[in-house]
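Visitor: Take a look at this one; I'll ask things after.
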Amino acid sequence: MNYTRAARYYRRQLIVKKVRRYLYFILILTFLLALWCNSYRLEAKEIMSAAAGKCFNTFLSWTGYSSQGIIDYSVPVIACNNKEVQLTPRLVIAAFNTVSKVNLNKPETILQSQIPCFSMVELPTTAGAVEPVDRKNYLQHQDTAAQKDKTAGTALTGPPLVAIYNTHTGETYQLTDGVERLDKKRGGVVRAAEALEERLQQEYGINVVRSNKIHDAQYNMSYIESEKTVKKLVNQYKELKLLLDIHRDAGRAREDSFVTINGDKVAPIMIIVGSDARRPFPKWQQNLAMAKKLADKMDELYPGLSLGVRVKEGRYNQQYHNGALLLEIGSVQNTTEEAVKAAELLADVVAELLKEYK
């Protein structure tokens, strides 16, 4: 009798254990589905990644270990690559880095790309890193770009009417710099933003304010960082008519990446407008109306310069101003010179458009 009771009790325990396991599985699956369907999942992912990075950094400071030391201990092949031993000529390494987009002299970036937690931590750079040779032109410009948040030659009167910034500051043009993006530096899109600012001020006397801040030092936090800049600009400059976020497109073929205007190859411009598809954006139609006005003015002055207006699901911080637009000047398959020429033509268009608000 006692044996029978013990056997029944044991069977009940097994059943309870299996049921509990299935319940846990269902709860986890429900949580993941809810997280996936939630419109705030991107923001939640960014916040969780940032929190994980901060916790990891705090842990390192408590234990006295360095992030590079953990990498060296865990992956010996990376540790070997960190030694100051050059097995191949610098030019070969630079060429390989440019073509493959993998920097052998910075193996910690491999971990950062694969483990989001590491991207939140400032990993030490490797000694003897080689810069890709195709970035020479950009590096010559870099010293002056960091100090450039300036007003140009002519005396300007009145409040700023145009504000310019770059959410993805590191985006650049591969035909000039040899890479698609410069990590924690200012890429070709910043030069295009500068050209737009300079022409509006020097040629038309339109007061412009431009942020030179790097927003994509941690790429998945770019829009959160640029949101701070947008709020500051909108709160400080009440007379703004346009708030322009300058980017470049990614996946366009070279033959579709330029148009010929006045005998010059120029990068075409796509206008991006956010919507309320994911999150509340009550006045996005007003941004769309402004985008259509800008596109129509481009078609009038420089046919072929505009690629039209595209509405996307995100908000891109455009909810803070009715004249906030995202402009993609060219694509990866452009040169910086082509983007700068496009920005200068865009300045002519903006100046003409602003006449309607005087």
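The values are calculated or read from the model by the stated rules, or taken from the named source; none is laboratory data. The shown structure was predicted, so the numbers you read here are calculated from the model rather than taken from an experiment. Every residue, glycine as well, gets a Cβ built from its backbone with ideal geometry; the counts of neighbours run over all protein chains shown.
Visitor: For segment 210-239, how many residues are β-branched (Val, Ile, Thr) and more than 20 Å from Glu194 (Cβ to Cβ)?
Guide: Of the residues in segment 210-239, 2 are β-branched (Val, Ile, Thr) and more than 20 Å from Glu194 (Cβ to Cβ).
Visitor: Tell me, please, whether a residue that is in contact (Cβ under 8 Å) with a residue 60 or more places away in the chain, within 27 Å of Lys231 (Cβ to Cβ) and in a loop (DSSP other than H, G, I, E, B) can be found in segment 325-338.
Guide: Within segment 325-338, none of the residues are in contact (Cβ under 8 Å) with a residue 60 or more places away in the chain, within 27 Å of Lys231 (Cβ to Cβ) and in a loop (DSSP other than H, G, I, E, B).
Visitor: So which residues in segment 156-212 are over 18 Å from Thr335 (Cα atoms), basic (Lys, Arg) and either part of a loop (DSSP other than H, G, I, E, B) or outside the structural domain of Pro268 (by TED's automatic domain parsing) (or both)?
Guide: Lys184
Visitor: Is it the case that some residue within segment 258-275 is part of a helix (DSSP H, G or I) and surrounded by fewer than 23 Cβ atoms within 10 Å (Cβ to Cβ)?
Guide: no
Visitor: Further, regarding this structure: Would you check if there is a residue in segment 290-303 being more than 28 Å from Gln333 (Cβ to Cβ), buried (at least 20 other Cβ atoms within 10 Å of the Cβ), within 24 Å of the chain's Cα centre (by Cα) and modelled with pLDDT of 95 or more?
Guide: yes
Visitor: Given the residues Arg248, Arg181, Arg191, which is the only one that is among the basic types (Lys, Arg), without any contact (Cβ under 8 Å) to a residue 60 or more places away in the chain and out of contact with any Lys or Arg (no Cβ under 9 Å at 6 or more places or on another chain)?
Guide: Arg181
Visitor: Continuing with the same structure: Of all residues in segment 328-348, which are closer than 13 Å to Asp245 by Cα and either surrounded by fewer than 24 Cβ atoms within 10 Å (Cβ to Cβ) or among the aromatic types (Phe, Trp, Tyr) (or both)?
Guide: Passing the criteria: only Glu328.
Visitor: Kindly indicate whether Lys238 is surrounded by fewer than 17 Cβ atoms within 10 Å (Cβ to Cβ), assigned by TED's automatic domain parsing to the domain that holds Tyr165, part of a helix (DSSP H, G or I) and of a type in the set (Lys, Arg).
Guide: No: the conditions fail for Lys238.
Visitor: Pairs please, first residue from segment 211-237 and under 23 Å from Thr172 (Cβ atoms), second anywhere and aromatic (Phe, Trp, Tyr) and outside any helix (DSSP H, G or I), Cβ atoms under 6 Å, 6+ apart in sequence or on different chains.
Guide: Close Cβ pairs satisfying both conditions: Ser211/Tyr165; Thr229/Tyr165.
Visitor: Go through the residues of segment 305-322 one by one and say whether even a single one is touching a Ser or Thr at 6+ places or on another chain (Cβ under 8 Å), closer than 17 Å to Ala193 by Cβ and in the same structural domain as Leu240 (by TED's automatic domain parsing).
Guide: Yes, some residue in segment 305-322 is touching a Ser or Thr at 6+ places or on another chain (Cβ under 8 Å), closer than 17 Å to Ala193 by Cβ and in the same structural domain as Leu240 (by TED's automatic domain parsing).
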